[in-house]
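Visitor: Just dropping this structure here.
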Amino acid sequence: MNLSESIVSSFQNIFTHKLRSFLTLLGIIIGVFAVVTMFSTVYGMKKLINERMKEMGWNNSIIVYPSQGEENISSRRMYRFRHIQREAKPLTFEDYIMLKKNIKAKYIYGYIENWQKYLYEEKEEWVRLKATNIEFFLSKTYSLKSGRYFNSFEDLNSLKVCVIGYHFANQYFPNNDPLNKKISIGNHRYKIIGILADDKLNSKGMNFNAWERRHDLEAVYIPLSTGSKYLKSDKSIDYIYIQAKSEDDYQDVKNAVRQNLLISHKMSHDFSFNNIGAFMLNITKEINEMMKKWNITLSAIASISLIVGGIGLFSTLLISINERMKEIGIRKSIGATNRDIFLLFIFEAISLSILGAFIGIFFSSLLVKVIAIALKFNFPVPIEGILLGIAFSLIIGIVSGIYPAHKASKIDPIKAIYYFE
């Protein structure tokens with residue numbers, strides 16, 4: 001009996017006893033289903049968190065804001081620093097233009113926020129007026145419902161145009177299209193050139209900084225140059241946001257920003273960094289470590305089902321030896337060796353376990369798909385989870401089948417033929 005005949009005979013016996021095979025498979029199916037599902041959901045949650053952090057513009061980012069710089073001075077020099085007459089220079093629109101020109105980053109934008117009175121139907125209401133540029137919307141993944149963002153000419157020449165948030169448009173223009181209309185905010189009138197769409201990030205089933213993003217979509221946005229000219233007496237800006245292209249570029253970008261600002265500010269340390277990127281990197285590492293430990297724990301728990309399935313497979317094979325005693329005797333009497341009988345039983349054990357693995361993977365994939373639809377996020381079934389499930393099943397099949405196969409191979413053919421007589 002060659003290898004292919006052993007495999008074919010194994011499958012014939014499996015499908016001859018369908019109910020028994022199914023009950024034997026059930027433990028393995030549940031075990032593989034649990035292992036693959038746990039692995040996939042943990043992997044998917046980690047991917048979901050990382051992607052949402054990127055979409056919120058938190059990764060590899062720093063914020064530069066005005067400061068007296070005391071935190072950058074050593075304790076020995078603190079006293080002398082406080083007694084030197086220094087004039088702290090605020091961050092300005094020119095600083096933003098200089099950094100945008102000299103720094104190679106994924107996103108750079110300046111930012112000003114102010115509360116202004118909005119004249120609406122002969123009433124005045126306070127609204128958020130924010131000055132920034134197009135890269136703010138791109139880094140935060142705020143898309144347009146209609147219209148357009150600021151163009152470079154408007155951004156550099158302090159034109160009185162604005163982009164309004166989705167919720168602002170719904171609140172103040174519920175029944176008509178505000179595009180190309182003019183609104184009075186503070187002492188100025190702005191032409192609406194764009195309307196932001198609803199927040200697609202928080203419409204996907206999970207809340208990520210939802211309160212802040214809702215406030216963003218309730219605001220009115222004007223070009224940064226317009227804000228620095230009309231909202232600030234000294235043409236300053238609140239802060240400058242920079243996002244590096246990758247984790248490897250993060251420190252180089254930060255150093256370049258520091259050097260350029262020191263030159264621009266005549267070596268005055270009147271600015272500080274809010275290291276969002278470093279903070280988020282630490283959080284990401286902690287999340288990854290936690291997910292890894294959680295994945296190991298869940299996989300270990302799920303593996304218990306596989307072990308139970310292996311015990312069921314072991315018992316079934318032992319019972320089937322007595323049922324197939326005459327078959328073993330006949331096979332041996334016509335030339336089958338101990339090795340042939342061993343392979344027949346071991347391949348039956350492996351075939352059952354692999355079949356159970358594929359059924360478990362199939363149902364696990366269906367469940368993960370349902371979870372993905374519920375969370376409105378693409379949860380992949382990673383190849384690592386599939387390979388882990390197959391590997392567990394293969395090991396269970398081999399371990400469970402070795403003893404019954406060995407026992408069957410050692411049976412005397414004469415005793416086997418006359419076993420029921």
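The values are calculated or read from the model by the stated rules, or taken from the named source; none is laboratory data. Since this is a predicted model, take the numbers as computed values, not measurements. Note that each Cβ is placed from the backbone with ideal geometry, even for glycine, and that neighbours are counted across all protein chains shown.
Visitor: Quick one: ASN180 ticks every box in (1) in contact (Cβ under 8 Å) with a residue 12 or more places away in the chain; (2) at negative phi; (3) in contact with a strand residue (DSSP E or B) (Cβ under 8 Å, 6 or more places away or on another chain) except a single one, so which number is it?
Guide: Result: ASN180 fails condition (2) only.
Visitor: Can you tell which of TYR250, TYR241, TYR221 is of a type in the set (Phe, Trp, Tyr) and more than 27 Å from the chain's Cα centre (by Cα)?
Guide: TYR221
Visitor: Now, a different point. So, of the residues in the range 190-201 that are in contact with a Lys or Arg (Cβ under 6 Å, 6 or more places away or on another chain) and farther than 12 Å from VAL220 by Cα, which turns out to be surrounded by the fewest Cβ atoms within 10 Å (Cβ to Cβ)?
Guide: ALA197
Visitor: If you take the residues of the range 256-269 that are free of Cβ contacts under 8 Å to residues at least 12 places away in the same chain and among the hydrophobic types (A, V, I, L, M, F, W, C), which of them is surrounded by the most Cβ atoms within 10 Å (Cβ to Cβ)?
Guide: Ranking the candidates gives LEU262 first.
Visitor: For the range 357-365, does any single residue satisfy the condition of being free of Cβ contacts under 8 Å to residues at least 60 places away in the same chain, surrounded by fewer than 20 Cβ atoms within 10 Å (Cβ to Cβ) and not in a helix (DSSP H, G or I)?
Guide: No, the range 357-365 contains no residue that is free of Cβ contacts under 8 Å to residues at least 60 places away in the same chain, surrounded by fewer than 20 Cβ atoms within 10 Å (Cβ to Cβ) and not in a helix (DSSP H, G or I).
Visitor: If you scan the range 104-124, which residues turn out to be surrounded by fewer than 18 Cβ atoms within 10 Å (Cβ to Cβ) and assigned to a loop (DSSP other than H, G, I, E, B)?
Guide: LYS104, GLU121, GLU122
Visitor: Scanning for something assigned by TED's automatic domain parsing to the domain that holds GLY31 and within 23 Å of the chain's Cα centre (by Cα), does the range 345-361 turn up at least one residue?
Guide: Yes, there is a match, as at least one residue in the range 345-361 is assigned by TED's automatic domain parsing to the domain that holds GLY31 and within 23 Å of the chain's Cα centre (by Cα).
Visitor: OK, next. Filter the range 388-414 for residues that are exposed (fewer than 13 other Cβ atoms within 10 Å of the Cβ), aliphatic (A, V, I, L, M) and farther than 10 Å from ALA357 by Cβ and give the result.
Guide: Scanning the range 388-414 gives a single hit, ILE414.
Visitor: Could you check how many residues of the range 222-240 are of a type in the set (Phe, Trp, Tyr) and crowded, with 24+ Cβ neighbours inside 10 Å?
Guide: The number of residues fulfilling the criteria is 0.
Visitor: With the structure loaded, tell me whether GLY329 is surrounded by fewer than 18 Cβ atoms within 10 Å (Cβ to Cβ), out of contact with any strand residue (DSSP E or B) (no Cβ under 6 Å at 6 or more places or on another chain) and farther than 19 Å from PHE39 by Cβ or whether it fails that test.
Guide: For GLY329, the condition - surrounded by fewer than 18 Cβ atoms within 10 Å (Cβ to Cβ), out of contact with any strand residue (DSSP E or B) (no Cβ under 6 Å at 6 or more places or on another chain) and farther than 19 Å from PHE39 by Cβ - is not met.
Visitor: Of the residues that make up the range 270-282, is at least one β-branched (Val, Ile, Thr), surrounded by 13 or more Cβ atoms within 10 Å (Cβ to Cβ), part of a helix (DSSP H, G or I) and modelled with pLDDT of 85 or more?
Guide: no
Visitor: Further question on the same structure: Contact list please: Cβ distance under 6 Å, first residue in the range 216-240 and assigned to a helix (DSSP H, G or I), second residue among the hydroxyl-bearing types (Ser, Thr, Tyr), pairs at least six apart or on different chains.
Guide: Filtered contacts from the range 216-240: LEU224/THR132; SER225/SER158; THR226/SER158; LYS229/SER158.
Visitor: Let me ask another. Which is assigned by TED's automatic domain parsing to the domain that holds THR226 and surrounded by 20 or more Cβ atoms within 10 Å (Cβ to Cβ), of LYS130, LYS182, LYS145?
Guide: Exactly one residue qualifies, and that residue is LYS130.
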